[in-house]
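A.B. asks: Sharing a structure, written as structure tokens. Questions coming.
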Amino acid sequence: MSLSTHPDHHILCFGELLLRLSFQSDGAWLNDHALSVFPAGAEANVACALGKWQVPVSYFTALPDNVISHDLIKWLETKGMNTSSIKLQGDRMGVYYLPAGKDIKKGGVIYDRAGSSFAQLRIGTINWEEIFRGKTWLHVSAISPALNEDSAALCVEALRNASEAKIFISIDLNYRAALWKYGIAPTAIMPALVQYANLVMGNIWSANTLLGIPLDENRIARGRREDFIDHAIQTAKEIQVRFPNSTAIANTFRFDIGKGIKYYATLFEQGKLYVSGEYNRPDFIDKVGSGDCFMAGLIYGRCNQLSSQDALDFATAAAFLKLGQRGDTMDISADQIKSSIIPGNIHT
């Protein structure tokens, strides 16, 4: 399937809805009796961005049947998504804690997700035909199969059923080292999911950790943009060889430069590598959810029949702008994103 086809889409995002509790790491939160609370979850972040950009989107998760869940469901609906598939069961929702200003990928994150309503979902209990009715695209991430072996099996079941229903499938290879604690290596789990994916998004490091795609350490050590771009081609081609359904592979590159950030991305499709413009900022407000905005931007591009280059440029600008917003979800219009795009080009 090409990344730019028919505009009549309805996206389904499937994953765990969380609460993020953010606090000052110097202990001031204890004296102030205050924590910042944000709705969270990679797939929910994607759905929120799509809703903001008026792309038809539904969200499927599991939550306990209590007042907090009902408040969250109402909040999700204000973000423009359909929540009718949400399953109410179990006793608790997942939570994670993150010191203000910290990166979820680089330590400091504390997960409290064991035994959550979502983590208790099991294969053979979900009517996927009903869930997928009217949907043209399923988006999942590598976070759900990191929770436990049952969640991994559930993701395989979901993707297999979606593939049989001819639904376009995207997967985000977001690696969370603080999860993956149930004794099975990611490389023994993730290929069973990625075999169904049409669009694979991640970076060269997560592709190595989750799929065993080789890293060229010498090329990486040089730290040059052209070397990372060449590595993106190498990684994308290897993914396509191993997983023939993957017609498009996106890789993001985000580097800390002092207190600032450098960001760019690539998209490999139909034998061509598209490269975004390079974005730089001297500081950031919140790194969480930036990759989810990138993924949402690629989905937006397909649904609006943008070219591969234009879809990549929109996605990269969206991801970069998210760095300037607090919380896991973003609230920036498509027009604002378009006006901030730094054009990219095809790699030659």
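Taken together, the values in this text are just the output of simple stated rules run on the coordinates, not laboratory data. Predicted model, so just to flag it, every value in this text is computed and none were measured. Note: ideal-geometry Cβ built from the backbone for every residue, glycine included; neighbour counts use all protein chains shown.
A.B. asks: When only Cα pairs under 8 Å and 6 or more residues apart are kept, what is the percent relative contact order across the stretch 11-346?
C.D. replies: 15 percent
A.B. asks: Applying the Karplus parametrisation 6.51 cos²θ - 1.76 cosθ + 1.60 with θ = phi - 60° to the phi angles of the stretch 275-286, what ³J(HN,Hα) value in whole Hz is obtained for each residue in order, glycine and proline being reported as x?
C.D. replies: Here the 3J(HN,Hα) series is 10, 7, x, 9, 10, 9, 9, x, 7, 8, 9, 7 Hz.
A.B. asks: Pairs of alpha-carbon atoms within less than 8 angstrom and 6+ residues apart define the contacts here; what relative contact order does the stretch 83-217 have, in percent?
C.D. replies: Relative contact order of the stretch 83-217: 20 percent.
A.B. asks: Then there is this: Using only the alpha carbons of the stretch 279-322, what is the convex hull's orientation-averaged projected area in square nanometres?
C.D. replies: For the stretch 279-322, the mean projected area of the Cα convex hull comes to 2.9 nm².
A.B. asks: Let me ask something additional. Assigning unit charges at the beta carbon (Lys, Arg +1; Asp, Glu -1) and nothing else, what dipole magnitude in debye, to the nearest 20, does the stretch 121-163 show about its Cα centre?
C.D. replies: 140 debye
A.B. asks: Hey, another quick one. Rounding to the nearest 20 debye, state how big the charge dipole of the stretch 144-202 is about its Cα centre with +1 on each Lys and Arg Cβ and -1 on each Asp and Glu Cβ.
C.D. replies: Result for the stretch 144-202 is approximately 120 debye, rounded to the nearest 20.
A.B. asks: A further question on this structure: Can you give the calculated 222 nm mean residue ellipticity of the chain, where each DSSP H run of n ≥ 4 adds -39,500 (n - 2.57) and the sum is split over every residue, rounded to the nearest 500 deg cm²/dmol?
C.D. replies: -10000 deg cm²/dmol, from helical runs alone.
A.B. asks: Considering only C-alpha atoms, what is the centroid distance from the stretch 270-348 to the stretch 39-71, in Å?
C.D. replies: 21 Å
A.B. asks: Still on this model: May I ask for the distance between the Cα centers of the stretch 175-195 and the stretch 148-172, given as a whole number of Å?
C.D. replies: Using only Cα atoms, the two centres lie 14 Å from each other.
A.B. asks: Right, something else. log₁₀ I(q)/I(0) of the chain at q = 0.07, 0.11, 0.12 Å⁻¹, via Debye over equal Cα point scatterers, no solvent, to two decimals?
C.D. replies: Listed by q, the Debye log ratios stand at -0.26, -0.68, -0.82.
A.B. asks: Evaluate E = 1/(1 + (r/R0)^6) for I285 and D230, where r is the Cβ-Cβ distance and R0 equals 45 Å; express this FRET efficiency to the nearest 0.05.
C.D. replies: The value I calculate is 0.90.
A.B. asks: Just need the relative contact order of the stretch 11-51 here, percent rounded to a whole number, with Cα pairs under 8 Å and 6+ apart.
C.D. replies: Answer for the stretch 11-51 is 52 percent.
A.B. asks: Run the count for the stretch 71-225, please: Lys pairs, Cα-Cα under 23 angstrom, 8 or more apart or on different chains.
C.D. replies: So the count works out to 9.
A.B. asks: Any idea which of F132, P99, S58 is furthest toward the positive side of the dipole for the stretch 26-137, if Lys and Arg beta-carbons carry +1 and Asp and Glu beta-carbons -1?
C.D. replies: F132
A.B. asks: Residues with amide H under 5 Å of G41's amide H, sequence separation 5 or more or different chain, H placed in the peptide plane at 1.01 Å from N; which?
C.D. replies: L18
A.B. asks: With θ set to phi - 60° and the Karplus curve 6.51 cos²θ - 1.76 cosθ + 1.60, what are the ³J(HN,Hα) couplings of the stretch 118-124 in order, to the nearest whole Hz, using x for Gly and Pro?
C.D. replies: Values, residue by residue: 5, 5, 8, 5, 10, 5, x Hz.
A.B. asks: What distance in nm lies between label points placed 7 Å from Cα along the C-beta direction at I342 and Q270?
C.D. replies: 2.7 nm
A.B. asks: Under a point spin-label approximation (7 Å from Cα along Cα-to-Cβ), what is the A192-R222 distance to one decimal in nm?
C.D. replies: 4.0 nm
A.B. asks: Can you work out the FRET efficiency for the pair V241 and T125, with r the C-beta to C-beta distance and R0 = 35 Å, to the nearest 0.05?
C.D. replies: Once the sixth-power term is evaluated, E becomes 0.50.
A.B. asks: Using modelled backbone amide H atoms (1.01 Å from N, in-plane), which distant-in-sequence or interchain residues come within less than 5 Å of S141's amide H?
C.D. replies: D172
A.B. asks: Cβ neighbours within 10 Å, averaged per peptide: list 26-34, 212-220 in order, most packed at the top.
C.D. replies: The most tightly packed comes first, giving 212-220, 26-34.
A.B. asks: Using the Kyte-Doolittle scale, which helices in the chain average at least 0.0 and also have C-alpha atoms spread 15 Å or more along the helix axis, with helices defined as whole DSSP H runs?
C.D. replies: The qualifying helices are 42-52, 67-78, 290-303, 308-322.
A.B. asks: Given 20 °C and 1.002 mPa s, how large is the Stokes-Einstein diffusion coefficient of the stretch 1-146 in µm²/s, with Rh as the Kirkwood radius over Cα pairs?
C.D. replies: For the chosen part, D equals 130 µm²/s.
A.B. asks: A further question on this structure: Amide H neighbours of L273 under 5 Å, counting only residues 5+ apart in sequence or on other chains, H built in-plane at 1.01 Å?
C.D. replies: For L273, whose amide H was placed from the backbone, the distant partners under 5 Å are H347.
A.B. asks: Here is a further query. Rounded to the nearest 5, what is the percent of antiparallel bridges among the DSSP beta bridges in the stretch 156-310?
C.D. replies: Roughly 70 percent of the DSSP beta bridges within the stretch 156-310 come out antiparallel.
A.B. asks: Share of antiparallel DSSP beta bridges in the stretch 11-346, in percent to the nearest 5?
C.D. replies: For the stretch 11-346, the DSSP antiparallel bridge percentage is about 50.
A.B. asks: Still on this structure: Tell me which of L211, H70, V37 sits at the most positive position along the dipole axis of the chain, charges placed on C-beta atoms (Lys, Arg +1; Asp, Glu -1).
C.D. replies: Farthest towards the positive end: L211.
A.B. asks: Also, I was wondering about something else. For the chain, give the magnitude of the charge dipole about the Cα centre (Cβ charges: +1 Lys/Arg, -1 Asp/Glu; no others), in debye to the nearest 20.
C.D. replies: Dipole about the Cα centre, nearest 20: 360 debye.
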